[in-house]
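Below is one structure, written out as structure tokens; the observations come after it.
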Amino acid sequence: MRSPLFAVLSGALASLLFAGTAAAGTPAFPPVLTSNKVYKSGAMELKECQEQPIQRDDLDGARVYLEFVLDCLNDSWSRQLAKAKIPFSKPKFGVVSKAGQSVGKCGKFPAGAQALYCPPERKMTVLLDPAILSEPTELFLMEVVAHEYGHHIQELTGMIDVVDRRKGKSKARIYDEARRIELQAECFSGAFIGSVWQSLGRRDFDFKYILKVAQAGFDDGIHGKPANIAYWLKRGFDAESPNACNTFSAPKARVS
């Protein structure tokens, strides 16, 4: 059995889910969410990313693999934000081997998650547990770190800051925003992977397989229905651009 590889939590969003207050109606989303400059930045320019060899059950090897992918993500997204005239900074990065370990200002790594992004520290942390280390040559490691990097882009573009403001928001609104943020990060992940796909030398099956796993997942109310997770991942992959990832203007059926 696989661990829930798509159960990826943002530290900021996790704190929102139980802190909402009642509010009448659902106001429109602000421009920073619906018309962010990153949506107009065009196709991702980086077309090559070399994956490092990795062996099964090798935690250090998986960490090195992720660091090389992170270099590609930094290169790719720094170019993208430069086109949008948005200041760029690299995220911090770390790994843990089990849930419950400290991840700094965001407390302890939550059970049931494969990775998280901590906005106060602008830090990504990936859980390298036996489940994911048992199949390191599949695309999951790249997809997971690219998803968390999507949260970093949301932080740099001001989106997480807006979503984190919980005053006056109903519980339904908080969940809706959480799903849109998570599905957008999935789309950003797909856009990066799609842009470098030809350089990876992988089979089409590899990407189709993570789509299949996403579709076979479960709905936790935060990340969106499995079909929608797969939809946004593929949408970004096909477009190779964050232009396709405006979940805040998407109909509710696509972000439920």
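The values are calculated or read from the model by the stated rules, or taken from the named source; none is laboratory data. This structure is a prediction, so every number in the text was calculated from the model and none was measured. So basically every Cβ, Gly included, is an ideal-geometry build from the backbone, and we count neighbours across all protein chains shown.
The C-beta contact set for region 85-110 (first residue over 23 Å from Asn74 (Cα atoms), second residue surrounded by fewer than 16 Cβ atoms within 10 Å (Cβ to Cβ) and basic (Lys, Arg), distance under 7 angstrom, 6+ apart or interchain) comprises Gly100/Lys108; Gln101/Lys108; Ser102/Lys108.
Looking only at residues of region 210-241 that are aromatic (Phe, Trp, Tyr) and at pLDDT 95 or above, we find that the one that is nearest to Asn74 (Cα to Cα) is Phe237.
The residue pairs whose first member lies in region 159-174 and is within 28 Å of Pro87 (Cβ to Cβ) and β-branched (Val, Ile, Thr), whose second member is at pLDDT 90 or above and not in a helix (DSSP H, G or I), and whose beta carbons are closer than 9 Å, counting only pairs six or more residues apart or on different chains, are Ile160/Tyr117; Ile160/Pro119; Val162/Phe29; Val162/Pro30. Residues of region 32-41 include at least one that is assigned to a loop (DSSP other than H, G, I, E, B), modelled with pLDDT of 95 or more and either farther than 22 Å from Lys83 by Cα or within 19 Å of the chain's Cα centre (by Cα) (or both). Consider Ser10 carefully, then state whether it is among the polar types (S, T, N, Q), crowded, with 18+ Cβ neighbours inside 10 Å and at pLDDT 95 or above. So Ser10 fails the test.
Of the residues Gly25, Gly20, the single one that is surrounded by fewer than 13 Cβ atoms within 10 Å (Cβ to Cβ) and either β-branched (Val, Ile, Thr) or at pLDDT below 95 (or both) is Gly25. For Ile210, are the conditions met, namely being under 13 Å from the mean Cα position of the chain (by Cα) and in contact (Cβ under 8 Å) with a residue 12 or more places away in the chain? No; evaluated as a whole, the condition is false for this residue.
Residue count for region 192-240, restricted to those that are of a type in the set (Gly, Ala, Ser) and either crowded, with 22+ Cβ neighbours inside 10 Å or closer than 20 Å to Leu116 by Cβ (or both): 8. With the structure loaded, tell me whether Ser97 is over 18 Å from Tyr149 (Cα atoms) and either out of contact with any Phe, Trp or Tyr (no Cβ under 7 Å at 6 or more places or on another chain) or surrounded by 13 or more Cβ atoms within 10 Å (Cβ to Cβ) (or both) or whether it fails that test. Yes, satisfied.
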